[in-house]
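Participant: Sending over a structure as structure tokens; questions will come in a sec.
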Amino acid sequence: MWARGNAEAAGISARRAPAKESGENITSLFALLNTVSHIAQSAEDIDEAISLTLKEVCLYTGWPIGHAYHVTTLGGEAEARSSQLWSLDRSIDKTRIAEFVSISEGTVFQPGKGLIGKVMATKEAVTIEDVTVLDSFMRAAPARQNGVKGCFAFPVLFQNRPRIVLEFFSRDPATLDSTTLEIMRFVGNQLSTILTRMAHQDRLGEIARSFEGSVKGAVEKTEHYIKALEENARMLCNSLGISRENAGEAAAGSEETAQSVQTVASAIEEMSASINEIAGQVQRSTSLILHCADKVLEASNRAQTLNSATAKVEGALEEITAISGKVKLLSMNARIEAARAGVHGQGFSVVANEVKELSGQTEASVEAISLIVREMNGATREMLAAMGETTRSIEEISAASQTIDAALEEQTSTTNEIAATMQQTALSVTQVTGNLHSINESVERSAEAAGEMSGECSALASEAETLSANVEKFLSEIGN
């Protein structure tokens, strides 16, 4: 960047003249210090401040050539490169100075290398009367060819490290005294305040970006979470509404179930009572059947005795029949003997006839009795057979009654267990119904709380929007 060295080109009034080599004019010194301070306070760009400072120093010292280097650190090592910012007085022939400018802009300096490297290493201002006779001056040859002689340079430090090096050249051999070099250190310090302010601004920018990245991001996440929470609260309200309806229906159903279970339990208790009554009747019937069995057994024993007696009667009748036959035979013999006796045997014949008649009556009676005894024997046998059948039936009935009694006992036990279970179930259903009512009340309270939470989420979302707007305003003010 080329710049003219006169006052008009520098944008500064022509109130000051170049300083004398023997010392500075006090007015020019104050003008320089005031102008440099103003530049340091008002410049927003370091290159702009460097360019203006080059012109001011050239005007103050009367040296026609000013140039600046930027010092950067790459890989841990510092190096100085041309900023391509120049201040050239009108008296300088651009064509003649072009080679010196080109070599200056193309040369890179490390600490201790050349004039610029010395300034970087010592962090102090340096002045050389004639660079063309100095072997350590890397640009001595183009300086001789371009009529460059005297030189001074000073650093601009930031955090005690060179960040900028300003160099100035004269046409004739010349140096600056220690007082002027101290003034140049002040100029460097003023430019350093620009670096400090820019670093502070960069830091503020980093803080702002970090703030924007963290706080604004947190605000955005908060807004997102609030919206998600608001949506969840709305869904929760809907779900709680459905749950409240379901809980109400479940409570109503539970009450109906409790009533049904209570009805069933009552019916089972009645059935248990009926079963107990039937069991009692069965037990009484079993007792009667056993009593009947005993009576049938007793009658059977008596029938057996009767059958035995009938057999004895039959034996007696057979003996009577045999006797009756003998009597009849004797009566026939008596009639025969009476007939032989004639008249003397008529009385005996009458007796024989009566004996015969008695024998006939006896046979008839025995026959009638035998018939009756046989009928009695048949009836007795039939009665014994019937009693046997009755006894077997009674035994079967008794066994069936015992089976029924055992089944009824088991059924009674089962029914009692079912009744107890149903009572417990009824109690549990009643408790469930109570719990469902409690759940319904809790759901209603939760629904109210969810509604309040939804409203609070909306208010919080509004606050988050306000906070986001304030953050953007804050960042905008920091940026400005």
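The values are calculated or read from the model by the stated rules, or taken from the named source; none is laboratory data. Just so it is clear, the structure is predicted and the values come from calculations on it, not from any experiment. Glycine gets a Cβ as well: all are built from the backbone with ideal geometry, and neighbour counts include every protein chain shown.
Participant: Does region 121-131 include one or more residues that are hydroxyl-bearing (Ser, Thr, Tyr), surrounded by fewer than 20 Cβ atoms within 10 Å (Cβ to Cβ), assigned by TED's automatic domain parsing to the domain that holds Leu85 and touching a residue at least 40 places away in the same chain (Cβ under 8 Å)? So that I can check it myself, show each step before the final result.
Facilitator: Within region 121-131, the subset hydroxyl-bearing (Ser, Thr, Tyr) is 122, 127.
If we keep only those that are surrounded by fewer than 20 Cβ atoms within 10 Å (Cβ to Cβ) as well, we get 122, 127.
Cutting the leftovers down to assigned by TED's automatic domain parsing to the domain that holds Leu85 gives us 122, 127.
The next check asks that each one be touching a residue at least 40 places away in the same chain (Cβ under 8 Å); those that pass are 127.
Yes, some residue in region 121-131 is hydroxyl-bearing (Ser, Thr, Tyr), surrounded by fewer than 20 Cβ atoms within 10 Å (Cβ to Cβ), assigned by TED's automatic domain parsing to the domain that holds Leu85 and touching a residue at least 40 places away in the same chain (Cβ under 8 Å).
Participant: Would you please name the residue that is nearest to Asn301 (Cα to Cα), looking only at residues in region 392-405 that are out of contact with any Ser or Thr (no Cβ under 7 Å at 6 or more places or on another chain) and buried (at least 16 other Cβ atoms within 10 Å of the Cβ)?
Facilitator: Ile394
Participant: Going through Val187, Val156 one at a time, which residue ends up being touching a strand residue (DSSP E or B) at 6+ places or on another chain (Cβ under 7 Å) and of a type in the set (Val, Ile, Thr)?
Facilitator: Val156
Participant: What residue, among those in region 447-480 that are among the hydroxyl-bearing types (Ser, Thr, Tyr) and at pLDDT below 75, is surrounded by the fewest Cβ atoms within 10 Å (Cβ to Cβ)? I'd like the intermediate steps shown before the answer.
Facilitator: First, the residues of region 447-480 that are among the hydroxyl-bearing types (Ser, Thr, Tyr): 454, 458, 462, 466, 468, 476.
Retained after the next criterion (residues that are at pLDDT below 75): 454, 468, 476.
Numbers: Ser454: 19, Ser468: 16, Ser476: 10.
Among those residues, the one meeting the criterion is Ser476.
Participant: What number of residues within region 74-87 are surrounded by fewer than 19 Cβ atoms within 10 Å (Cβ to Cβ) and without any contact (Cβ under 8 Å) to a residue 60 or more places away in the chain?
Facilitator: Of the residues in region 74-87, 5 are surrounded by fewer than 19 Cβ atoms within 10 Å (Cβ to Cβ) and without any contact (Cβ under 8 Å) to a residue 60 or more places away in the chain.
Participant: Which numbered condition in (1) part of a loop (DSSP other than H, G, I, E, B); (2) modelled with pLDDT under 95; (3) within 18 Å of Phe154 (Cα to Cα) is the only one that Trp63 fails?
Facilitator: Among (1) part of a loop (DSSP other than H, G, I, E, B); (2) modelled with pLDDT under 95; (3) within 18 Å of Phe154 (Cα to Cα), the lone unmet condition for Trp63 is (2).
Rundown of residues vs (1) among the polar types (S, T, N, Q); (2) surrounded by fewer than 18 Cβ atoms within 10 Å (Cβ to Cβ), yes/no style:
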site	(1), (2)
Val119	no, no
Ala143	no, no
Asn146	yes, no
Pro162	no, no
Leu166	no, no
Ser178	yes, yes
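Participant: So Glu223 fits all but one of (1) touching a residue at least 24 places away in the same chain (Cβ under 8 Å); (2) surrounded by fewer than 16 Cβ atoms within 10 Å (Cβ to Cβ); (3) within 30 Å of Ala459 (Cα to Cα); what number is the exception?
Facilitator: The failed condition is (2).
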